[in-house]
Each structure stands twice: as C-alpha cells, then as structure tokens.
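Each value in this text was obtained by applying a stated rule to the coordinates, not by laboratory testing. Remember, predicted model here, so these are calculated numbers, not experimental data. Positions of Cβ are generated from backbone atoms using ideal geometry, with glycine treated the same way; all protein chains shown enter the neighbour counts.
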Amino acid sequence: MSAPAVLEVDRVSKSFGALAALTGVSFAVRAGEIFSVIGPNGAGKSTLVKIACGLVRPTAGRAEVAGAPAGSAAARAAMGYLAELFRFPGWATADEVLELHQRLAGSTGGEAERTELLELVALSEARRRRVEAMSKGMQQRLGIAQSLVGTPRVLFLDEPTSALDPVGRRAVRELLEELRRRGVSVLLNSHLLSEVELVCDRVVILDHGRVAAAGRPDDLARAGGVEVETSSGVRLFESAARDDAPRIVAELVAAGEQVYAVRVIRSTLEEVYLEAVDGGGP
C-alpha cells in the first residue's frame, strides 16, 4: 500500500486572460517522497508552486496540502518554503533568524527546536555567527532550517543548489535524503537535472502548462544499447537491453573474443527532458 499523499494537485488549470499558464495538471506527492517539477522557462512551474502555496487561485481544479485546501490555515501550517533568491539580514545570527521565523510561523518549539534544526543542517557551531560571515553553502543550509520551523510535512524548495559548488550541492543532497528518512516530503524545483536524477524519487516534466512526462527517473529513461569492450575494440549493440548482456558476452567469448567490460547504456534524465519539451527550443 502506497503512502498517503501530502500534496495533491488535481486537474489544475490557470489562465491569465488569454494566456493558459497551466492546463489540467495532476500529480500527488507521497509522505517522505522527494518530487521534482521540471520544465523550461514559462512552462508553468512557478505558477504551480504559487497555487500549491495558496498564493494564486487556480482557474479550475484543486490543490490540497495535508488534506486541506491550499492557502488555508491548516495547509500553511503543514508546509515550509524556501525561495530561490531568499535573503536574511546580514547582521542576524543563525539563532536569531530561526527565532524570527518561529514567531512568524507561530511555532512554540523555542530553543529546543532551533537547536535540533541547526544540528540537522550541520550549523550547531555557527549558532552565534552572523549571516554576513557565512558561506553561500551555510546560508543555504540555514534557509532549509528556516523552512523546517514548525515541523512541516512538506517543503517547497526553489533551486536550493543552483548557486553552490559541488561540495555544497552534495551537502544539500545528503540533507534532503535525511529529510526523506524522517518522512518529510519535498517538492523540488531545479534546473540542475543531474541533481534531480540523483536525489528525486519521481519527476513531472511540464511543457507549455501541460504534463509532458511523469514517473521515476529510471522508468523515464530508455535503454540505448549494450556496449562491450573486447580485445578487438569497443562494440555497441544498439538494440540490446540489460537482459541481453549475458547472451552477448557468452557469444563473444565463444567466438574467441576477450571481454574486459560491459556497460548498459541508458538515456539520461536530460535526454528524456529535451525530447519531452521538443529540444527546449522556442
């Protein structure tokens, strides 16, 4: 039995005058799932997140957070949000930032909650450090800690790794995986498809306001053949799949070839994305 949906988007459409930003978009994010909405600029991703946050009303359809209508007090209490271009006051310490957001969210967790969140994002030793003295990666982790104030069930994260170096991106990935283990759901908006492929359980690809493709990254990828390195060179069996590899190796060995390596070639999420949105061109 699958986990219950924490975020449900059901046949959501949104029009701004004659412009259809979204048309019949449906998906559900389960408890403890990392889910990504990807697509080119203008695909409707931002409009969709605003609807889920209750900032924009859909023209048709519905969105629910933890079983409550998006934008309601119950829905807001169940979600956390981190914008792409967030800014905290440079003079504030990490502890002060979290205390401010506790007051804004009406959280009664107090110092114990702040201590737990700073430990979760590996900022315990930076509790009294001012934001202006933090690296970009530290500020990003503090932002995620802020989004977790009040123990939300689902997080909306907008490009959380776009400005980070590889070490910083890895730290955020590990943090997302820890949130998954804790049962927190994450709706991730990112243009870094390699990052999405590494951490996300499922993805939805939007194009011109419609769902162009959806599913697990591995399921969306297709086999692109089997590549075998032999004593006579590298050979590609284009129509072969993973299950064909043992037979191919056995036939090559029987024919006197020495086999050094076998690789099943699969399309990447980027390739699936580009095909779904017609190459991403205008």
Practice problem: Tabulate in residue order the Karplus-calculated ³J(HN,Hα) for region 139-156, using 6.51 cos²θ - 1.76 cosθ + 1.60 with θ = phi - 60°, rounded to whole Hz; enter x for Gly and Pro. | Solution: 4, 5, 5, 5, x, 5, 4, 4, 5, 9, 4, x, 6, x, 8, 9, 10, 10
Self-check item: Residues ALA163 and THR59, FRET efficiency given R0 of 51 Å [Cβ-Cβ distance, rounded to 0.05]
Solution: 0.90
Self-check item: For LEU155, distant residues with modelled amide H under 5 Å away
Solution: GLY80, SER185, VAL186, LEU187
Quiz prompt | Residue-averaged 222 nm ellipticity for the chain, from DSSP H runs of 4+ at -39500 (n - 2.57), nearest 500 | solution = -9500 deg cm²/dmol
Exercise. Just subtract the alpha-carbon distance of ARG127 and ARG182 from 0.36 nm times their residue separation and send over the number in nm, one decimal.
Key: 17.5 nm
Quiz item: Long-range amide H contacts for ALA212: which residues qualify at under 5 Å (H placed 1.01 Å from N, peptide plane, sequence gap of 5 or more or a different chain)?
Solution: ILE205, LEU206, ASP207
Quiz item: Which trypsin sites (Lys or Arg not before Pro) in region 45-147 pass both tests, a DSSP loop state and at most 11 other beta-carbon atoms within 10 Å?
Solution: ARG87, ARG128
Self-check item: For region 50-109 and region 197-254, distance of Cα centres in Å
Solution: 39
Quiz item: Given 0.36 nm per residue, what is the gain on full extension from THR268 to ASP219 after removing their alpha carbon distance, in nm?
Solution: 16.6 nm
Self-check item: DSSP loop chymotrypsin sites (Phe, Trp or Tyr not before Pro) with at most 16 other Cβ within 10 Å excluded, longest remaining stretch of the chain
Solution: 92-282
Quiz prompt | Order of HIS101, HIS208 under a 10 Å beta carbon neighbour criterion, fewest first | solution = HIS208, HIS101
Quiz item: Within region 193-273, which trypsin sites (Lys or Arg not before Pro) sit in a loop by DSSP and count at most 14 neighbouring Cβ atoms inside 10 Å?
Solution: ARG222
Quiz item: Fewest to most neighbouring Cβ within 10 Å: what's the order for SER135, SER13?
Solution: SER135, SER13
Quiz prompt | Partner lysines for LYS14 [C-alpha distance under 27 Å; skip if fewer than 8 residues away on the same chain] | solution = LYS45, LYS50
Quiz item: Counting other Cβ atoms within 10 Å of each Cβ, which GluC sites (Glu not before Pro) in region 202-248 have at most 10 and sit in a DSSP loop?
Solution: GLU238
Exercise. State, to one decimal in nm, how far the label point of SER26 lies from the label point of HIS208, with both points 7 Å from Cα in the Cβ direction.
Key: 2.2
Self-check item: Taking region 185-244 and dividing mean pair separation by its residue count, relative contact order in percent (alpha carbons under 8 Å, at least six apart)
Solution: 19
Exercise. Find how much the distance from ARG173 to VAL234 grows on full extension, using 0.36 nm per residue of separation minus their present alpha carbon separation; answer in nm with one decimal.
Key: 18.5 nm
